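One structure below.
The values are calculated or read from the model by the stated rules, or taken from the named source; none is laboratory data. Computed from a prediction, not measured in an experiment: that's the story for all the values here. When we count neighbours, we look across all protein chains shown, and the Cβ atoms used for this are built from the backbone with ideal geometry, even at glycine. Side chains are part of the model used for accessible areas, which takes the heavy atoms of the whole protein and leaves out ligands, DNA and RNA. Shrake-Rupley method; radii C 1.70, N 1.55, O 1.52, S 1.80 Å.
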Amino acid sequence: MNFPDEQQISDYLERVRASGALGKSNRRLFLLEHLIRAEAEGSGGQLKAYSIGLDIFGKGPDFDPQSDSVVRVEIGRLRTAIAVFESSEFADCDLQVEIPKGTYRPTLTKRTIDARQTESMERDDAPARPAPFKPWKLIAAAVFMAVCVGLAVFGLGWFVTPQGDSRIAVQLDDFSGASGPETATILRRGLSNNKALSVLLAPQNGDIHPDAAFVVRGSVQVDPGETQVDIELINAETDAISWSKTIHIDDRRDFDTAISERIGRELRVRLFGASKELLEGRDPETLTPEQLFVMGTWVPGPAINAVEWELERVQLMEIALRKDPDFGAAHSVVADKLAYLANVYGPSNTPELLTKARWHAQRAMELAPLDANVVFNVAQSQWHSGSIAQSLATMKRVTELDPNHALARFLARMIPYSCAAAPDSVVEQAIAFDNALSADNPIRWLTLTWIAWLHAYRGDFTLALEAEQRAALIFEIPYTFMRHAMLLNKLGRPEQAAAVIERQKSNWPDIDPAHFSSVTIPRLCSEQPDSTRFIELYSELETALLNQ
């Protein structure tokens, strides 16, 4: 078994952060994690002041460690922080880290039981050690779209660590072919960034690990002028293929980027969707808070366009919070759902629910400020509430926590144009992002509807309608079907606009265009001084439908 494994690294980082030894410096935590992971992955010998300056401190190619001592100074401070941590009651974990003087490469050793007992005896006056930490509560998660947590019941192969946290256990096999190990390493690095995942190595006998819920395997075929990569996501219990994909790479210099962006980011979305489907139909009272989060949080994928379904997500989070009141992820879902419902659905637009949404958002950030999944939900909640500038800043924070979070990167580019005409470059970027996705990628309804949004606010209504109709073939929500109706009305087809809304009445009985013209769009435009023309688009829809 490799040491340290993902859980041991996560547990160590959680405890260091919780000990307060690093002070309030998130960058120091990132630096520590960078050093540990580099050593654990076998690239510790490449840890030099220059590379650390570029990777962690944002230095440019002209960075000179001899004249700029930032790396040397911060490593010195990190050594001191580690010493403080080692003398605390929090240092009760498998991994022990030291950064010897004269090098930036850490030594990673396994803390022995005897050593722990000795340390405990030397700290007779120390307070009782806290219960083992749950990574979901205390450490930054990384993911795109976000794969979240596991299934610990019904014998479906979900991995529960000795520390008691539920995580999705994914066995990542080495890919066959000359570049197979390289491919697996790139994917493993991306998946390991998400602390909600346990990435398992295949047993030496080639079997499926008994703890694995899913298996990822594939092959790489290198031919002159082209490299073909095949990947499969397999349900470990049923051996059924949940998802597969083939990509072709023309330029080997683009290999790492292609694997990371064209396969890795979709793999995480597919893992989340497959996990959600496994949990459907289970008694919520039997699920852990983490599993309930899977059922409740928003992701592109399995969902139902109905107000009752959305309210059920809130109820699931209330169960999760009854089980664990300090579960920041559940707070973030409640914040997102309540703000969303208040903005699109009149009966939910009450001062009490808006206040409750803001409280849950604040509580989520207090409990899990380094969890990218939590911060993403909070950014969404702020957007629904009309706090566009704050939502943009929070979404950018997601990209800092998880640079591979492609959806957060996309939304951070789109959010400033929630109530403004976007320049050509932004529209082109949105279209390019969408074109790079697989035809059946569940993210596409979101990218397409944003493309429609951008076109509409530029006055390109025909292009907007085309994109919106394509999005509607994948999924719809009140934002999208009301915009669909608005575009049809703008193009002189009010009867079709009325039909679009009428079709949704069974799922959203009290949906009302008047709410969109008087609340939804004005709220989203509240920070934009010149927004009358955008609001008028929906006022015209309201008037046209009244005349039907």
Of all trypsin sites (Lys or Arg not before Pro) in segment 1-109, the ones in DSSP coil with at most 14 other Cβ atoms within 10 Å are 24, 48, 101
Rounded to the angstrom and largest first, Cα extents along the principal axes for the chain equal 81, 63, 56
Contact order relative to length for segment 481-548, counting C-alpha pairs under 8 Å separated by 6 or more residues, stands in percent at 38 percent
In whole percents, the bins of 5 Å from zero upward hold the Cα-Cα pairs of segment 1-99 as 2, 12, 24, 23, 20, 11, 6, 2, 0
Relative contact order as a percentage, segment 277-415, C-alpha pairs under 8 Å and 6+ apart, gives 18 percent
Of every hundred units of 1.4 Å-probe accessible area on the chain, the number belonging to carbon and sulfur atoms, as a percent, is 50 percent
Restricting to Cα pairs under 8 Å and 6 or more apart, the percent relative contact order of the chain works out to 10 percent
For the chain, whose charge dipole is built from +1 on Lys and Arg Cβ atoms and -1 on Asp and Glu Cβ atoms, the candidate among 229, 255, 369 with its Cα farthest towards the positive end is 369
In the chain the DSSP beta bridges are antiparallel at a rate, in percent to nearest 5, of 75 percent
Filtered hits (aspartates and glutamates, Cα-Cα < 15 Å from residue 59, offset >= 8 within chain) -> 68, 74
